[in-house]
Amino acid sequence: MSPRYGFLSTHPPTRCGLATFNQALAAHLGTGERRVVRVVSGPENGAAAPGVVHTWPAYPAGGWRAAAAALNSFDVAVVQHEYGIYPGRDGEDIVPLLQNLTVPSIVVLHTVLTSPTARQRQLLEQIATAASAVVTMTSAARDRLVSGYDVPAGKVNVIPHGAGDHTGTRAAQQHRTHLLTWGLIGPGKGIEWGVRALALLQDLTPAPVYTVAGKTHPKVLELRGEAYRTSVQRLAATLGVARAVRFDPAYRDTAALSRLIRSADVVVLPYDSREQVTSGVLIEAVAAGVPVVATRFPHAVELLDGGGGLLVPHRDAPALAAAVRRILVEPGLGEQLTHTGDRPLLWSAVAARYDALARKLLAPDSLPLVTASA
C-alpha cells in the first residue's frame with residue numbers, strides 16, 4: 001500500500017519556484033492519498049488548488065500548531081524549505097512544527113548558503129536535527145551542507161530536481177534563431193547580460209531573437225515594482241536590439257511551457273548568483289534536450305560539466321555571446337550538447353526516489369522518531 005503523503009509548502013495559486021516544485025512532486029509521488037498544507041504570506045488571491053487541506057497564514061502567530069496537526073494525519077510529511085517562506089524571523093516557525101511531528105518527515109532544502117548568518121546556520125541545523133531525512137538536489141549542496149553545518153552526512157540524500165517530459169512536444173516554427181530565458185524575473189537573473197550578448201550577435205544571418213519569459217517575482221514586485229524589467233528594456237533600446245528582445249510575462253501551463261522550451265535553439269541562463277545550488281529552469285532545459293549556456297553557478301557547473309551546455313564567467317557579455325555563437329555556427333555542437341529525454345530527471349523517476357526514501361523511513365527497523373512537546 002502506498003504511503004499517504006502530506007506536503008508543506010507554498011502552493012498554487014501562489015506562483016513561485018517552490019509552489020511549482022511542490023505541485024509537481026505531489027502529483028507524481030506514490031498512488032495513495034496526497035494532500036497539501038499551504039503556506040501563505042499575505043492575503044489570499046484566488047481559491048487554493050485542489051488537494052489543499054489546510055492553509056498556514058503568516059498571522060496570527062502560532063499557526064504552526066494547526067499545520068503540524070494537519071500533517072500528523074498522514075503517514076509521511078514532505079516539507080519544502082526556503083528561508084523566509086515560513087512565519088517568524090528567517091522562517092523560524094518551521095522548527096517547532098518539525099519538532100512536533102509524530103510522523104516521519106522529509107525536508108527538501110532549496111537553498112544551502114555558503115555564508116549564512118549565525119541565525120540562519122542555527123535554524124538549518126535545528127531543521128536537520130528535527131527532520132527524519134534531509135534532501136538536497138545536487139551533490140554541491142550536499143557537500144556544502146555537510147562541510148559547513150553541523151548536519152550528519154548519513155541523514156542527507158541527493159535527489160535531483162524533477163522535470164516535465166517535453167520530448168513529445170512539437171516545437172514552434174521560428175524564422176530566426178531563438179534564444180530563451182524563462183522563470184520569475186528580478187535582479188540577479190542577469191537578463192541584462194543576455195541582452196548585451198544579443199547585441200554582439202547581430203552580425204549573424206539571420207540575427208537571433210531573445211525571449212525573456214516570466215512575470216516579475218512577487219516579492220520583487222512588492223518592493224521595487226517593475227524597475228528591473230524597465231531597466232533591461234531601456235538597455236535593449238540603448239543597444240539597438242529592442243525589436244529583437246521579447247518580454248513575455250504570460251503565465252504558462254505545462255503544455256504551453258513545453259512548446260516554448262522546445263522552440264528555443266539555446267537556453268541562456270546568465271544568472272549573477274554564485275550560490276545557486278538548484279535551478280528548475282536548468283533541469284527543464286537539459287531534460288528537454290535544448291543546449292544551454294549558463295554562468296558558473298554551482299548547479300550549472302555540476303550538471304553541465306559532463307555535457308548539455310557551455311559554461312561562461314559571470315557578468316561577461318562577450319564570453320556569453322561567444323558561447324551562443326559556437327552553438328549556432330559550429331557544425332554538430334548543438335546535437336553533441338543535448339541530452340534529449342534524460343529520463344532520470346523526469347518527475348516520475350524523481351518521485352520514485354522520494355517514495356523509496358519514505359518507505360525506508362516507515363520500515364519497521366527504521367530508527368524511532370524523537371519528538372518534542374509544544
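The values are calculated or read from the model by the stated rules, or taken from the named source; none is laboratory data. The structure presented is a predicted model; accordingly, all values stated were derived computationally and were not measured. Glycine also receives a Cβ, built like all others from the backbone with ideal geometry; neighbour counts cover every protein chain displayed.
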Review point. Taking A26, is it within 23 Å of the chain's Cα centre (by Cα), without any contact (Cβ under 8 Å) to a residue 60 or more places away in the chain, more than 24 Å from K219 (Cα to Cα) and outside any loop (DSSP other than H, G, I, E, B)?
Key: yes
Considering only strands (runs of 3 or more DSSP E) wholly within the range 47-115, the ones with at least 3 residues that are modelled with pLDDT under 95, closer than 23 Å to V156 by Cβ and not assigned by TED's automatic domain parsing to the domain that holds D143 are none
Scanning the range 224-242 for residues that are touching a Pro at 6+ places or on another chain (Cβ under 9 Å) and either among the basic types (K, R) or touching a residue at least 60 places away in the same chain (Cβ under 8 Å) (or both) gives R224, R229
Per the filter on the range 116-134, residues surrounded by fewer than 21 Cβ atoms within 10 Å (Cβ to Cβ) and part of a helix (DSSP H, G or I) are A118, R119, Q120, R121, Q122, E125, Q126, T129
Given (1) crowded, with 16+ Cβ neighbours inside 10 Å; (2) under 19 Å from E82 (Cβ atoms); (3) modelled with pLDDT under 95, E222 misses just (1)
Apart from one, (1) without any contact (Cβ under 8 Å) to a residue 40 or more places away in the chain; (2) surrounded by 14 or more Cβ atoms within 10 Å (Cβ to Cβ) all hold for L201; the odd one out is (1)
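With the condition kept exactly as written, say whether any residue in the range 183-190 is closer than 26 Å to R274 by Cα, in a loop (DSSP other than H, G, I, E, B), of a type in the set (A, V, I, L, M) and at pLDDT 95 or above.
Our first condition is that a residue be closer than 26 Å to R274 by Cα; within the range 183-190, this holds for 183-190.
If we keep only those that are in a loop (DSSP other than H, G, I, E, B) as well, we get 183-184, 186-190.
Those still in the list that are of a type in the set (A, V, I, L, M) too: 184.
Add one more test, that the residue is at pLDDT 95 or above, and what stays is none.
For the range 183-190, residues closer than 26 Å to R274 by Cα, in a loop (DSSP other than H, G, I, E, B), of a type in the set (A, V, I, L, M) and at pLDDT 95 or above: absent.
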